[in-house]
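Take a look at the structure below.
What follows draws every value from the coordinates through simple rules; no lab data is involved. Source: prediction; values computed, not measured. Cβ sites come from the backbone with ideal geometry, for glycine too, and all protein chains shown count toward neighbours.
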Amino acid sequence: MAATNTMTKAPFGFSNLPDADIYHAEKTFGAHHYGRIDLVVRKAEGCWLTNHEEKKFFDCLAAYSAANQGHHHPHIVNALIEALKGHYGSVISNVVYTDSLAMFLKRLATTVPQLGPRFGAHGNKVLPKNGGVESVETAVKLARYYGWKQKGIEDGKQEIIVFERNFHGRMITTVSFSPTKKYKEGFGPLTPGFKFAKYGDLDSVEKLITPNTCGILVEPGQGEGGMYMPPAGFLKGLRELSDKNDLVLIFDEIQVGLGRTGKMFCFEHENVIPDAVTLGKAISGGLVPLSCMVANSKLMDLVFRPGSDGSTYGGYPLACVAGNAAIDVLIDEKLPQRAEEMGRKMKAKIDDIASRSDKVKEVRGRGLFIGIEVNDGDAMKYCRQLLELGVLANDSYGHTIRMSPPLILTDNEIDYVCERLEKVLVG
Ligand SMILES: Cc1ncc(COP(=O)(O)O)c(C=O)c1O
């Protein structure tokens, strides 16, 4: 796929190499831990990605929700540039204070509704990390320590209930409770202490509760598991079971939070408040790694003391500058409301396409978190056809085409995507 490069000036850190050379370099020098689609993105702006021939692709993936605000949102970019020019962006050390961290913690703690109401109205506290998986593991520590310290469970015997089709990242503990064989095969010994319940089935959860159960970890919408929203009443039932059995209820909103499903937090749809929530991806607008676990202050203070956690880059100033600016954009541009409105329009169009297609099994989702499950179970086949037509999408769980564009998309862009979906799914 070698082609003449039309971009003449290569900024530092990039090259003007043809696509074929980029593929070759990645394959030769990089670990092969991703099956990549043949597209080299040279530029990303708003909802659009550009290749070496200046051909544009609509981004229906938005980096799995990291780019909810659109790529290179000017407000976030400017905040980062100012921090770098002003010399307050670098990692200093977590033994001293920085104002960007303080400002970000306050902003996020007060943006999230009071978590863990049964622990009292003490406010929330935030523990910042880098990738999302780190915050999930931090939440696992929160629940386990609570079980030991507060419930008297013998240390090492704590159990957390997780769900079929879950995805929480790919480090040792999170893959230990992944249902997906390829994520964990050969990587043992795995971390014990997790039990599987059926997503949406409260009875299956209740049956797993023992005196050693300390928490429930659930996605209030399963992104990697096939774009499923839970049945009405499920999250409320989990809240009741947690209250009755003194369990820490953790919602992983790394993919579905921060506006994606039409509310700032997915748990707001059913007004069910967890004790802790994990956030990542769009928390920095897709520009630097940042993730957080937010919990009721009382719970956070019970579990985390100096030495019990830490991360060199976790909450470093540049990430916090991006985090503050990313929250500004979500609120100022009313992106949750926009996701609700545009998601409704987009889903109606997709439902119409599906009604005329013999390839679609089901359309599901909420806001701009929409899945199109295909009858033949090979969603990637349709994603490759979409790419040819100028839309980047990928599959979720093999059988579902994932539609999760940046939340800033316009009516015309919905039409652009749906015209192409029509060609691929109807003909
Ligand atoms: C629900 C959920 N949790 C955790 C993660 C892991 O986040 P990261 O890839 O940033 O480690 C993801 C990533 O897709 C996710 O969707």
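Only Cα pairs under 8 Å and 6+ residues apart enter the sum, and on that basis the relative contact order of region 81-332 stands at 29 percent. Straight-distance candidates among the aspartates and glutamates for linking to K361, with alpha-carbon spacing under 12 Å and chain neighbours fewer than 8 residues away dropped: D351, E373, D376, D378. From least to most packed, judged by other beta carbons within 10 angstrom and beginning with the fewest, D395, D99 follow the order D99, D395.
How tilted is helix 234-245 with respect to the longest principal axis of the chain? Cα atoms for both, answer in degrees (0 to 90, nearest 10). Here the helix axis deviates by roughly 20 degrees. Put simply, the Cα atoms of region 25-184 extend 63, 45, 29 Å along their principal axes, the longest span coming first. Within the shell of other residues whose beta carbon sits under 12 angstrom from the beta carbon of T173, the net charge comes to +2, with Lys and Arg scored +1 and Asp and Glu -1. A cut-off under 12 angstrom between Cβ atoms defines the neighbours of T50, and their net charge, with Lys, Arg +1 and Asp, Glu -1, is 0.
Comparing H269, H87, H168 in a Gaussian network model of the chain (Cα springs below 10 Å), the most mobile by mean-square fluctuation is H87. When each of L330, L84, L335, L241 is scored by the number of other beta-carbon atoms lying within 10 Å, the sequence from fewest to most is L84, L241, L330, L335. In this structure, the amide hydrogen of N394, modeled 1.01 Å from its nitrogen in the peptide plane, lies closer than 5 angstrom to those of R402, counting only residues at least 5 positions away or on a different chain. Among the listed pairs K198/K359; K359/K423; K141/K263; K106/K298, those with a Cα-Cα distance over 22 Å are K198/K359; K141/K263.
By other beta-carbon atoms within 10 Å, ranking F163, F57 with the fewest at the front produces F57, F163.
Dimensions of region 109-192 along the principal axes, based on C-alpha atoms and rounded to the nearest Å, stand at 45, 32, 22, largest first. By how many nm would the segment from T50 to K381 lengthen if fully extended, with 0.36 nm per residue of separation less the alpha-carbon distance? Fully extending the segment from T50 to K381 adds 117.0 nm.
The length gained on full extension between D99 and T180, counted as 0.36 nm times the residue separation minus their Cα-Cα distance, comes to 25.0 nm. Give, in nm to one decimal, the length gained when the segment between E388 and M171 is fully stretched (0.36 nm per residue of separation minus the Cα-Cα distance). Computed gain between E388 and M171 is 74.7 nm.
From the helices alone, meaning DSSP H stretches of at least four residues, give me the mean residue ellipticity at 222 nm for the chain, per-run term -39500 (n - 2.57), in deg cm²/dmol to the nearest 500.
Rounded to the nearest 500, it is -11000 deg cm²/dmol.
What is the sum of charges around G223, taking Lys and Arg as +1, Asp and Glu as -1, for the other residues whose C-beta is under 13 Å from the C-beta of G223? Here the charged neighbours net out to +1. For region 306-427, the spherically averaged projection of the C-alpha convex hull amounts to 10.2 nm².
Kirkwood Rh over Cα pairs of the chain into Stokes-Einstein at 4 °C, 1.567 mPa s: D in µm²/s?
58 µm²/s
The fraction of all Cα pairs in region 4-99 landing in successive 5 Å bins from 0 to the largest distance is 2, 10, 14, 16, 19, 16, 12, 7, 3, 1, 0, given as whole percents. What pairs from K55/K334; K157/K244; K182/K207; K157/K195; K195/K236 go past 23 Å between their alpha carbons? Violating the 23 Å limit, Cα to Cα: K55/K334; K182/K207. Taking the empirical scaling 2.2 N^0.38 Å for compact globular proteins as reference, region 81-332 has a Cα radius of gyration ratio of 0.98. Computed from the C-beta positions of E362 and H24 and an R0 of 45 Å, the FRET efficiency is 0.65 to the nearest 0.05. Give the long-range amide H neighbours of A197: residues separated by 5 or more places, or on another chain, with amide H under 5 Å away, using H modelled in the peptide plane at 1.01 Å from N. Amide H neighbours of A197, under 5 Å, 5+ apart: V162, F163, E164. In order along region 157-174, the Karplus-derived 3J(HN,Hα) couplings, from 6.51 cos²θ - 1.76 cosθ + 1.60 at θ = phi - 60°, round to 9, 4, 10, 10, 8, 10, 10, 4, 6, 5, 9, 9, x, 10, 9, 4, 5, 5 Hz, and Gly and Pro are given as x.
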